[in-house]
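No value in this document is a laboratory result; all are computed from the given coordinates. Remember, predicted model here, so these are calculated numbers, not experimental data. Reconstructed Cβ throughout: ideal geometry from the backbone, glycine too, with neighbour counts over all protein chains shown.
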Amino acid sequence: MNAVMKPASDRQHLYEAMSPLHLTPLWEVLHALVPMQPRSRCVPALWRYDAVRPHLMRAGELITAEEAVRRVLILENPSLRGQSCITPGLYAGLQLILPGEVAPAHRHTQSALRFVVEGRGAYTAVDGERTTMEPGDFIITPSWTWHDHGSEADGPVVWLDGLDIPLVQFLEAGFAENAATATQSVTRAEGTSTHRYGANMLPVRYDAPFGATSPIFSYPYARTREALLALERDAPIDAWDGVKLRYVNPASGGSPMPTMATFMQRLPAGFNGLPWRQTDGTVFNVVEGMGRVSLERGEPGTAPETWSFDFGPRDTFVIPSWHTARFQSDGGCVLFSYSDRPVQQALGLHREERISHV
Ligand code: 1HN
C-alpha cells in the first residue's frame, strides 16, 4: 500500500509516539521554516512624539534616573509586545534625563546609539570622555565601554536609544557590569576623539580603541545637516532616497558599530519617491519637517496589506523587513534611521530592491 493512502491518524500517532524523544517531523513545518520571501514577525508602526512625551514626563515625576538606572520608555513593536524590541533584531526606547540627574555608569556587550530628540546640554560620557548633546546628534556607546549620562541642562533632554539587544540575546552573548561610582571620572577633554579621529585624519600609529566600533563617538547634526543641504542644492537627488548618507567608521569605512548601520537623509520639498524594499527592518526618527511613508506587504497570490503614516518632527516609525516603502514630503524633511544591515551584510544575507514604477 502507498504511504499516502494510509489514514491521516496514523501520522498523528507517529508524531505522538516520537514526541517524548523530542522529535518532530520537518515536513509539517518546512514551508514556515524556509519561506519564499521574508515574512516579518513585526508590523509597521509609528510613535507620535506628542503622544509619547506626556508619559515620559510623568515617568520623570515618578522615578529618578538614578533609581531607574535608565529612565526609558521602550518602543515595542505592536506585534512583539512583551519582548522589548521594535524589530526582531533591534531595540528602541526614548530616554529622559532631567536637570541635575545622573544615569549611573555601567557597561555591557550590547552596542548602543543615542539620537538626540529634544533639549540640549545633557552629556554622555564614554570611556572617560564626555560629549554634550544637541538635537539631531548621533552618539555611540561602543560594546563593553563604561558609560554614564548626566544633565546640567535647564530643561528635560530626551534621546532615542537604539541597541542590538535582541541580536545579542539571540546569540546568548550578553554580559554587563555596574561601575563602583555613579559618574566616571573625566580623563580626556571634551572633543578629543573628534579631533583625533573625526577630521578626516587618524593618528599615525592608529590602534582602534573600541575594536570594530568607530573611534568617533559623537557625530554632530550641524555637520550632517550642512552636507545634506549642500548636496540637495548641488547634486542629483536619488529617486528612492532623496539625499541619503550613511554614517561611517572612519578607520574601516564600515558602519559605526558592527551590529548597526545608521543613516541620515533629506527628502527635498515636493519629493515623491519611488518604492523600495530591503531585508533590514529599519527604525526612523524625524529630525525636521513632515512627510508621509506608504507601506505595502504582499506575497504572491494574496491581496497586499497597506499602511500609511504622516510623520512630523521627533516622531519614530519602523519599516519591517521586505515591506515595500515609499516616501513623500511636501515641505521637505530630514530623517535619521538605523538597522542591523551590517550583520546581514557580514553574513551575505542583505538584499534590497529598488522598484522603478509606482
Ligand atoms: C542602556 O545602557 C542604556 O546606557 C539605555 O542609556 C537603554 C536598555 C537596555 C540595556 C541597557 C543607556 C538600555 C541600556
Point to revise | Where a label projected 7 Å from the Cα of residue 79 along Cα→Cβ would reach, residues of the range 307-346 with amide N under 15 Å | key: 307-308, 318-325
Practice item. Please work out whether the range 141-212 counts as rounded, prolate or oblate from its C-alpha gyration tensor, where a ≥ b ≥ c are the square roots of the eigenvalues and a/c under 1.5 means rounded, while otherwise a/b larger than b/c means prolate and anything else oblate? Key: oblate
Exercise for review: Could I have the simple spin-label model distance between residue 28 and residue 189, label points 7 Å from Cα toward Cβ, reported in nm to one decimal?
Suggested key: 6.9
Review point. Long-range amide H contacts for residue 141: which residues qualify at under 5 Å (H placed 1.01 Å from N, peptide plane, sequence gap of 5 or more or a different chain)?
Key: 112, 113, 114
Exercise for review: Using only the Cα atoms, work out Rg/Rh for the chain, with Rh taken as the Kirkwood radius, to two decimals.
Suggested key: 1.03
Practice item. Provide the FRET efficiency to the nearest 0.05 for the residue 346-residue 5 pair, computing r from the beta carbons and using R0 = 35 Å. Key: 0.10
Study note, to complete from the structure: Under the helix-only model (-39500 (n - 2.57) for each DSSP H run of 4 or more, divided by the residues of the chain), the mean residue ellipticity at 222 nm, to 500 deg cm²/dmol, is -5000 deg cm²/dmol
Review point. Ordered by packing density, taken as the mean number of other Cβ atoms within 10 Å over each peptide's residues, highest first, how do 136-144, 7-15, 286-294 rank?
Key: 136-144, 286-294, 7-15
Review point. In sequence order, what are the phi-derived ³J(HN,Hα) couplings for the range 283-294 according to the Karplus relation 6.51 cos²θ - 1.76 cosθ + 1.60 with θ = phi - 60°, rounded to whole Hz, with x for glycine and proline?
Key: 9, 10, 10, 8, 8, 9, x, 10, x, 9, 10, 10
Review point. Under a 5 Å amide H to amide H cut-off, with H placed in plane at 1.01 Å, what residues pair with residue 117 once short-range neighbours are removed?
Key: 136, 158, 159, 160
Study note, to complete from the structure: Measuring from the longest principal axis of the C-alpha atoms of the chain, the long axis of helix 8-18 (C-alpha) lies at a number of degrees, nearest 10, equal to 50
**Study point:** Cα→Cβ-extended label distance, 7 Å offset, between residue 70 and residue 173, nm
**Key:** 1.8
Check your understanding: With θ set to phi - 60° and the Karplus curve 6.51 cos²θ - 1.76 cosθ + 1.60, what are the ³J(HN,Hα) couplings of the range 98-104 in order, to the nearest whole Hz, using x for Gly and Pro?
Key -> 9, x, x, 7, 10, 9, x
Study note, to complete from the structure: In terms of the alpha carbon gyration tensor, root eigenvalues a ≥ b ≥ c, rounded if a/c is under 1.5 and otherwise prolate when a/b exceeds b/c or oblate, the range 195-257 is prolate
Check your understanding: Amide H neighbours of residue 86 under 5 Å, counting only residues 5+ apart in sequence or on other chains, H built in-plane at 1.01 Å?
Key -> 77, 91, 92
Review point. Can you work out ³J(HN,Hα) from phi for every residue in the range 68-85, in order, using Karplus 6.51 cos²θ - 1.76 cosθ + 1.60 and θ = phi - 60°, giving whole Hz and x for Gly and Pro?
Key: 6, 6, 9, 8, 9, 9, 6, 8, 9, 4, x, 9, 10, 4, x, 10, 6, 9
Revision key, fill the gap. Per the rule of 0.36 nm per residue minus the C-alpha distance, extending residue 180 to residue 245 adds in nm 19.4 nm
Check your understanding: Computed FRET efficiency, Cβ-Cβ of residue 229 and residue 274, R0 22 Å: what is it to the nearest 0.05?
Key -> 0.50
Study note, to complete from the structure: FRET efficiency for residue 222 and residue 154 from the Cβ-Cβ distance with R0 = 30 Å, rounded to 0.05, comes out at 0.90
Practice item. With a ≥ b ≥ c taken as the square roots of the eigenvalues of the C-alpha gyration tensor of the range 1-92, please select rounded if a/c is under 1.5 and otherwise prolate if a/b is larger than b/c or oblate if it is not? Key: prolate
Study note, to complete from the structure: Taking Lys and Arg as +1 and Asp and Glu as -1, residues besides residue 312 with C-beta under 14 Å from its C-beta add up to -2
Exercise for review: Identify which of 29, 69, 243 has the largest mean-square fluctuation in a Gaussian network model of the chain, with springs joining Cα atoms closer than 10 Å.
Suggested key: 29
